[in-house]
Amino acid sequence: MSNKEEFICERGKSICYRIGSIFRKYYKYSDKKVVASESHIASEILKNDINTPKPIGFGYSETRQMFFNDFKFHQIRKINTGELNDNILKNTIGLLNQFPTKIDCCDSWNIKYLPELFQQIDSTNLEQKKEAKIILNYLNNYPVKYFIHGDYSFENIGIDENNNQIIIFDFFDSCIGIEGWDLAYLFGSIPYEKVLVGEINDHILKMIKLIVTLKYIRGLRKNFEVLERKKNYEYWWKQN
């Protein structure tokens, strides 16, 4: 097997390579505990018959001065959210029911993410800033007791070309969180006309409104998908 690293992608917190049959993920800012946690979470997810790359190694690169996880390499086809069909979306939603309720090593959502979310909302002058802060306060008082992926979108969900099945990956943001967060995050991350009717209650709607606001803020800051995110933001805030 070749030891040559073939670059795959770089994200805000990681750099990923392929080494033969291995997918190696380097973590830019994370300590050993955080990196080991993602590997452990992936192992627990596999026990629930969810397709995710199997963790096969953990280490530290003196050259890069980064910790890394090795996973089994899967050839993954990206799902274009503009071309989503009902079958893929229903299956993706259905997989949420297979997630374990808890995983021991997870942080708490309200401790890990809530301060940052308040900061992002405070940084904007969007019309719904006040209402978004009300939702954050509502969520701050909501029970935090369920395992969540944390970033359940088609950035981290694809089609495994080995078996043509949905595959979920990147559990870096996973934690113990709020019931329905992953579903709301999924809905807030795709064009609103693709959302399945009948899945949304008031609790989910509140979180979708918050999520599309945060995504719009980030889109404006990075000048990325601004028009698409604005459309979602404006649509969901009109819903009651």
Kindly provide the set of residues from region 169-204 that are surrounded by fewer than 19 Cβ atoms within 10 Å (Cβ to Cβ) and either among the charged types (D, E, K, R) or touching a His at 6+ places or on another chain (Cβ under 8 Å) (or both), ordered by number. Glu179, Glu193, Lys194, Glu199, Asp202
Find the residue count for region 93-126, including only residues that are in contact (Cβ under 8 Å) with a residue 12 or more places away in the chain, assigned to a loop (DSSP other than H, G, I, E, B), over 24 Å from Tyr29 (Cβ atoms) and not aromatic (Phe, Trp, Tyr). 5
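Can Asp151 be described as surrounded by 13 or more Cβ atoms within 10 Å (Cβ to Cβ), among the charged types (D, E, K, R) and modelled with pLDDT of 95 or more? Walk me through it before giving the result.
Numbers: surrounded by 13 or more Cβ atoms within 10 Å (Cβ to Cβ): yes; among the charged types (D, E, K, R): yes; modelled with pLDDT of 95 or more: yes.
The answer is yes for Asp151.
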Members of region 16-47 found to be assigned to a helix (DSSP H, G or I), in contact with a strand residue (DSSP E or B) (Cβ under 7 Å, 6 or more places away or on another chain) and buried (at least 16 other Cβ atoms within 10 Å of the Cβ), listed by number: Val35, Ala36, Glu38, Ser39, Ala42
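Could you list all residues from region 154-168 that are open to solvent by less than 20 Å² (accessible area, probe 1.4 Å) and either part of a strand (DSSP E or B) or touching a Lys or Arg at 6+ places or on another chain (Cβ under 6 Å) (or both)?
Applying the first criterion (open to solvent by less than 20 Å² (accessible area, probe 1.4 Å)) to region 154-168 yields 154, 156-160, 167-168.
Correct list: Ile157, Gly158, Ile159, Asp160, Ile167, Ile168.
Okay, residues lined up against (1) in a helix (DSSP H, G or I); (2) small (Gly, Ala, Ser):
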site: Asp170; (1), (2): no, no
site: Leu183; (1), (2): yes, no
site: Gly198; (1), (2): no, yes
site: Lys209; (1), (2): yes, no
site: Thr213; (1), (2): yes, no
site: Leu220; (1), (2): yes, no
Given the conditions (1) assigned to a loop (DSSP other than H, G, I, E, B); (2) free of Cβ contacts under 8 Å to residues at least 40 places away in the same chain, and given that Glu193 satisfies all but one, which numbered condition is not satisfied? (1)
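Here is a list: Phe67, Phe71. Which entry is more than 20 Å from the chain's Cα centre (by Cα), closer than 24 Å to Ile176 by Cα and either part of a strand (DSSP E or B) or acidic (Asp, Glu) (or both)? Break it down stepwise before answering.
Working: Phe71 fails: more than 20 Å from the chain's Cα centre (by Cα).
Step by step, each of Phe67, Phe71 is checked, and only Phe67 is more than 20 Å from the chain's Cα centre (by Cα), closer than 24 Å to Ile176 by Cα and either part of a strand (DSSP E or B) or acidic (Asp, Glu) (or both).
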Given (1) in contact (Cβ under 8 Å) with a residue 12 or more places away in the chain; (2) in contact with a helix residue (DSSP H, G or I) (Cβ under 6 Å, 6 or more places away or on another chain); (3) of a type in the set (Val, Ile, Thr), Val226 misses just (1)
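From Lys54, Lys72, Lys90, Lys13, grab the single residue that is open to solvent by 70 Å² or more (accessible area, probe 1.4 Å), touching a residue at least 40 places away in the same chain (Cβ under 8 Å) and in contact with a Leu (Cβ under 8 Å, 6 or more places away or on another chain).
On the way: Lys54 fails: touching a residue at least 40 places away in the same chain (Cβ under 8 Å); Lys72 fails: in contact with a Leu (Cβ under 8 Å, 6 or more places away or on another chain); Lys13 fails: in contact with a Leu (Cβ under 8 Å, 6 or more places away or on another chain).
Just one listed residue meets the conditions, Lys90.
The values are calculated or read from the model by the stated rules, or taken from the named source; none is laboratory data. Nothing here was measured: the structure is a model prediction, and the numbers come from that model. Note that each Cβ is placed from the backbone with ideal geometry, even for glycine, and that neighbours are counted across all protein chains shown. With ligands, DNA and RNA removed, areas are computed over all heavy atoms of the protein, side chains included. Shrake-Rupley method; radii C 1.70, N 1.55, O 1.52, S 1.80 Å.
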